[in-house]
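Colleague: Structure provided below as structure tokens; questions to follow.
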Amino acid sequence: MFCMHCGAKIPDDSVFCSKCGKSISGNENEVVTCESKYKVTLYRESQMYLLNPPINISVDGVMNSSIENGGTRLIELNEGSHTFEFSASMRKTKIDANLNSDMQITLSWNRLTGAIVARLSVM
Ligand SMILES: [Zn+2]
């Protein structure tokens, strides 16, 4: 089954969601509080390379958008933990963020290894 709060796939007999920690119950009288939303700014550093493809962005396993050299993207997400995956040209990197304020993720290529570098900072 899927968590009614965060949508994570969890075992059918779960009492609490293993991802967001909220209680899973069929009680319709339960008050579901409105989650706060925060902004995640993705910023890709401008780097000079002959081959410089867009970097694809996935959030929580769902393809979101892509970002060009020197570009920015703004994503609004609910409070809580989220997984960001960045991929391009067979390179892939993944970071987990527990969102409890606005954040920025700065993307760049590592000049030595060619890996995608993602740095998380709190705004
Ligand atoms: Zn959940």
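Colleague: With an 8 Å cut-off on Cα pairs and a minimum separation of 6 or more residues, tell me the relative contact order of the stretch 37-85 in percent.
Modeller: For the stretch 37-85, the relative contact order is 49 percent.
Colleague: Right, next: Tell me the net charge near residue 95. Cut-off is 13 Å between Cβ atoms, residue 95 excluded, with +1 for each Lys or Arg and -1 for each Asp or Glu.
Modeller: 0
Colleague: Would you be so kind as to identify which of 5, 41, 113 lies farthest towards the positive end of the dipole of the chain, taking Lys and Arg as +1 and Asp and Glu as -1 on Cβ and the Cα centre as origin?
Modeller: Comparing the listed Cα positions along the dipole, 113 ranks first.
Colleague: Moving on to the next point. Could you list which residues have their amide H under 5 Å from that of residue 24, counting only those 5 or more apart in sequence or on another chain, with H placed in the peptide plane?
Modeller: 16, 17
Colleague: What is the spin-label model distance, in nm, from residue 15 to residue 123 if the labels are put 7 Å beyond Cα along the C-beta direction?
Modeller: 3.9
Colleague: Separate question: Suppose the chain between residue 90 and residue 104 were pulled fully straight at 0.36 nm per residue; how much longer would it get relative to their current alpha carbon spacing?
Modeller: Stretched fully, the residue 90-residue 104 segment lengthens by 2.6 nm.
Colleague: Quick check for me: using +1 on Lys/Arg Cβ and -1 on Asp/Glu Cβ, what's the dipole size of the chain about its Cα centre, in debye to the nearest 20?
Modeller: Dipole about the Cα centre, nearest 20: 640 debye.
Colleague: Which of the aspartates and glutamates could a cross-linker bridge to residue 39, judged by Cα under 13 Å and excluding same-chain residues fewer than eight apart?
Modeller: Within the straight-line limit of under 13 Å, residue 39 reaches these aspartates and glutamates: 76, 79, 102.
Colleague: Which one of 55, 75, 104 is farthest out on the positive end of the charge dipole of the chain, using unit charges on Cβ (Lys, Arg +1; Asp, Glu -1) and the Cα centre as origin?
Modeller: It is 55.
Colleague: Right, next: Computed from the mean reciprocal separation of all distinct C-alpha pairs, what Kirkwood hydrodynamic radius does the chain have, in Å?
Modeller: Every distinct Cα pair counted, the radius reaches 16.1 Å.
Colleague: I've got another one for you. Give me the number: length gained by fully extending residue 60 to residue 45, i.e. 0.36 nm times residue separation minus the C-alpha to C-alpha distance, one decimal in nm.
Modeller: Full extension of this stretch gives 3.1 nm more.
Every number here is computed from the coordinates shown, using simple stated rules; none is lab data. Values in this document were obtained by computation on a predicted structure and should not be read as measured data. When we count neighbours, we look across all protein chains shown, and the Cβ atoms used for this are built from the backbone with ideal geometry, even at glycine.
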